[in-house]
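Encoded as structure tokens, the structure appears first; notes follow it.
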Amino acid sequence: MKRTKIISDSEPYFQNYRQGEREIYSKLFQPDIIPNFTFTRLVSDIPTDAEIVDQYEVSVNDFDISNVTILKKKNESKLFYHLSPPESLLTEEENSLLNLARSVLIEHQPKAEEFTDVERTRKVFFNISKDILFDLAKTKGVSLTYFSSMKLSAILVRHTIGFGLVEVLLQDKNLQDISLNAPIPQNPIYVRHQDYDECSTNVLPSREDADSWAAKFRMISGRPLDEANPILDTQLEIDDLRARIAIVQAPLSPDGLAYSIRRHRESPWTLPLFVKNKMINPLGAGILSFLIDGARTILIAGTRSSGKTSLLGSLMLEINPKSRIITIEDSLELPVESLRKLNYDILRMKVRSALLKTGSEVSADDGIRTSLRLGDSSLIIGEVRSVEAKALYEAMRVGALANVVAGTIHGASPYGVFDRVVNDLGVPATSFKATDIIAVANPIKSADGLHSWRRLLEISEVKKHWKEDPIREKGFNELMKYSVEKDELEASDSLINGESDVIKDIASKVKGWAGNWDAVYDNILLRAKIKNEVVKVAESTGKNELLEAKFNALSNYKFHKISEEVIKETGLPMGDRVFPEWQKWLNKEVRNFKV
């Protein structure tokens, strides 16, 4: 017995030990804190050998507040994300009420159709939970305040019809990805933090909860998840919280269920936000804004987690609200609801996942062809993944070019996009020339390999003269290229000298711009100056809401309105006339602007 590990670890504390004392247990065991009705556990203690890097609160409202501590463990490069949700700080009376309330609440089994309207179902269950908790507290003689009832109701909903502590993690706006690796009971949850990169957590999920969540996601999505279909792509929307969910199981994942969760920003990304975060510089933002107004076809390429979909969402905000927009996605990631609230005319179409061969949903290529019958619209494709590429290029070539056509695709360079579209997806090389612009976004890493940042690395146009190989025949023309030394995009000589066929084609259809490169480039610089000014004013005034979608849409409208007035006076929207007027409006608006 003396040679067992528990006895050998206990020996240093034996000298002053008196029989019956329990303090020694705290030296040997680490408690897991959980409500009785969930199997997912929390390691409550902060590691003793760790240094605190940061601490902050995560709150949805006044009664649902969690504490986060970021720690650096000795000899570990990955930081530790320690979560203390309200669940871990309940009193014995509160835990007792929760367990009793759950027993009552569980008698109502939600039907599958109830899960399809997640927001409504949660509100109903939240109100029912409050009533049950007040009744039980009265019966048991427990004093329950309004604040406590709201807190307990939120916890009860989260751990019954919700997704447990995963929801708490999703409330943290600093998190970008959440991973549950198989076998789930043997691994903590891992997160990707916007400031601290990859972190391990103190959340230890259980197989029971993982199975329960998978069943709910099957019902929400209406898609299968079984041995014949071991992959499920879907989304989660709770109030303003949006996340993309990817689930795999056996036989693809031989160790069982695994989750990859991508958290989306509550409000859409905007070009000024990207300028502030240095993903793009003002000139790059100005060019993209100009190209959107010029109704070009744009593919945003990059690896996973490069910010492709976020950048595509920011470009949707550059589309004039007078234009109709049709989005086509297999997983709903684009900020459609946010744009609707800003009075955009937008129609969302959900199509079958490329991973499913059959199902009740319409295929992506049929969705694209259908969009051409729905009237004059800009077409936004969530991601070009499979056979729909042929339909997309068909749309580009047969008339969709009257409006913006844009989408995302995996690829690390313009030629990488060409290779994927032509050689992998089977689009004829001549059809690929319907692409006007390829913007490449990818993370860049620090020399020590411990940090990474998202950057737009290149904006290139696809020239139209080549026949077979755009590399050999010089079919790509760089407009902007990332400079490692300056950590930003730089304009190429061809852009500065007016050697862009795409931009000149846009100019050829505008009175006063045809053959006048100086006027065209002046407009690009004007747009860049406006985006940069919004960032500068937001930073100087502390009004970060100026960077958000609502003000971005308002600023774009005012830019176009002032440009229209200047054109009536001078014939051209020259920057030295438009910018001062727009700046006057900005200074006045900043004093009165409210979210």
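Just check the stretch 126-171 against the gyration tensor rule for me: Cα atoms, a ≥ b ≥ c as the square roots of the eigenvalues, rounded for a/c under 1.5, and otherwise prolate or oblate depending on whether a/b exceeds b/c. Kindly include the intermediate steps, with their values, before the conclusion.
Numbers: a/c = 3.01, a/b = 2.24, b/c = 1.34.
Prolate shape, in that a/c is at least 1.5 and a/b is the bigger ratio.
Over the Cα atoms of the stretch 279-434, the radius of gyration divided by the Kirkwood radius equals 0.93; this is the Rg/Rh ratio.
Given the stretch 510-569 reduced to its alpha-carbon atoms as identical point scatterers, what log10 I(q)/I(0) does the Debye formula return at q = 0.21 Å⁻¹? Log10 I(q)/I(0), no solvent term: -0.89. Counting protein heavy atoms only, the chain has 49 percent of its accessible area on carbon and sulfur, 1.4 angstrom probe. Volume per residue for the stretch 82-192 equals 138 cubic angstrom (convex hull of Cα atoms). Scanning residues 5 or more positions from GLY411 or on other chains, those with amide H under 5 Å from its amide H are GLY302, THR303, with H placed 1.01 Å from N in the peptide plane.
In a fully extended conformation the segment linking ASP501 and ILE106 would gain 135.7 nm over its present Cα-Cα distance, using 0.36 nm per residue.
Residue-wise HN-Hα couplings along the stretch 13-23, as the Karplus relation 6.51 cos²θ - 1.76 cosθ + 1.60 with θ = phi - 60° gives them from phi, are 9, 6, 4, 9, 6, 10, 4, x, 6, 10, 4 Hz; Gly and Pro carry x.
Hey, could you grab the Kirkwood Rh for the stretch 127-212? Inverse mean 1/r over distinct alpha carbon pairs, Å, one decimal. Kindly include the intermediate steps, with their values, before the conclusion.
Working: mean 1/r = 0.0669 Å⁻¹.
Evaluated on the stretch 127-212, it is 14.9 Å.
Overall shape of the stretch 358-445 was characterised from the C-alpha gyration tensor. The equivalent ellipsoid obtained from it has semi-axes of 22, 15, 13 Å, in decreasing order. The long axis of helix 388-397 is offset from the longest Cα principal axis of the chain by roughly 30 degrees. Among 182-188, 518-524, the peptide with the highest mean count of other Cβ atoms within 10 Å heads the list, and the full ranking is 518-524, 182-188. Within the set LYS433/LYS474; LYS463/LYS550; LYS278/LYS322, which residue pairs have Cα atoms separated by over 24 Å? From the list (LYS433/LYS474; LYS463/LYS550; LYS278/LYS322), the Cα-Cα distance tops 24 Å for LYS463/LYS550; LYS278/LYS322. Simple point charges give the picture: +1 on the Cβ of Lys and Arg, -1 on the Cβ of Asp and Glu, and for the chain a dipole about the Cα centre of about 700 debye.
Residues whose amide H comes within less than 5 Å of that of HIS451, counting only those at least five positions distant or on another chain, are SER446 (H built at 1.01 Å from N in the peptide plane). Size descriptor for the stretch 233-285, Kirkwood hydrodynamic radius: 13.6 Å (Cα pairs only, one decimal). Multiplying the residue separation of ARG22 and SER446 by 0.36 nm and removing their Cα-Cα distance gives an extension gain of 147.7 nm.
Shown is the FRET efficiency for SER305 and SER143, computed with R0 = 45 Å from the Cβ-Cβ distance and rounded to the nearest 0.05: 0.40. Can you work out D for the stretch 266-357 in µm² s⁻¹ from Stokes-Einstein, where Rh is the Kirkwood radius over C-alpha pairs, the temperature is 20 °C and the viscosity is 1.002 mPa s? Estimated via Stokes-Einstein, D reaches 151 µm²/s. Selection among HIS465, SER452, GLY411 by position relative to the dipole of the stretch 369-467 gives HIS465 as farthest towards the positive end (Cβ unit charges, Cα centre). With the whole protein complex present, LYS558 retains an accessible surface near 60 Å², based on a 1.4 Å probe.
P(r) tail for the stretch 192-324, what percent of Cα pairs lie past 25 Å? Working shown, then result.
Working: 3882 of 8778 pairs.
That tail contains 44 percent of the Cα-Cα pairs.
The long axis of helix 549-570 is offset from the longest Cα principal axis of the chain by roughly 10 degrees. Were the residues from PHE14 through ASP255 laid out at 0.36 nm apart, the gain over their Cα-Cα distance would be 82.5 nm.
Using the Cα gyration tensor of the stretch 419-474, with a ≥ b ≥ c the square roots of its eigenvalues, what is the shape: rounded (a/c below 1.5), prolate (a/b larger than b/c) or oblate (neither)? Note, shape of the stretch 419-474 comes out prolate. Note on the stretch 50-186: lysine pairs with Cα distance below 30 Å, sequence gap of 8 or more or different chains, count 18. Seen from ILE300, the other residues with C-beta closer than 15 Å to its C-beta sum to a net charge of 0, counting Lys and Arg as +1 and Asp and Glu as -1.
Per residue, what accessible area does the chain have, given a 1.4 Å probe and all protein chains present, in Å²? The partial results should precede the final answer.
Details: 28420 Å² over 595 residues.
Normalised by residue count, the accessible surface of the chain is 48 Å².
Label positions at LYS511 and LEU241, each projected 7 Å from the Cα along the C-beta direction, are separated by 5.4 nm.
If you take the beta carbon distance between LYS536 and LEU372 as r and set R0 to 51 Å, what does 1/(1 + (r/R0)^6) give as a FRET efficiency, to the nearest 0.05? Let's see the in-between values first.
Numbers: r = 42 Å, r/R0 = 0.83.
Taking R0 as 51 Å, the efficiency between LYS536 and LEU372 is 0.75.
Mean separation of Cα pairs under 8 Å and 6 or more residues apart, divided by the residue count, gives the chain a relative contact order of 10 percent. Taking Cα atoms only, the orientation of helix 118-140 departs from the longest principal axis of the chain by about 20 degrees.
Could you please report the charge total around LEU83, scoring K, R as +1 and D, E as -1 over all other residues with beta-carbon less than 12 angstrom from its beta-carbon? Intermediate results must be reported in sequence, preceding the final value.
Numbers: positive: ARG41; negative: GLU57, GLU87, GLU167, ASP172.
Net local charge, LEU83 excluded: -3.
When the helices of the chain are scored as -39500 (n - 2.57) per DSSP H run of n ≥ 4 and the total is divided over every residue, the value at 222 nm lands at -11500 deg cm²/dmol.
Solvent-accessible surface (1.4 Å probe) assigned to ASP366 amounts to roughly 70 Å².
The calculated FRET efficiency for ILE471 paired with ASN61, based on their beta-carbon distance and R0 = 60 Å, is about 0.65. Judged by the gyration tensor of its Cα atoms, with axes a ≥ b ≥ c, the stretch 459-595 is oblate; a/c meets the 1.5 cut and b/c is at least as large as a/b.
The values are calculated or read from the model by the stated rules, or taken from the named source; none is laboratory data. The structure presented is a predicted model; accordingly, all values stated were derived computationally and were not measured. Here Cβ is always computed from backbone atoms with ideal geometry, including for glycine, and neighbour counts include all displayed protein chains. In case anyone asks, the SASA skips ligands and DNA or RNA and just uses the protein heavy atoms, side chains included. Shrake-Rupley method; radii C 1.70, N 1.55, O 1.52, S 1.80 Å.
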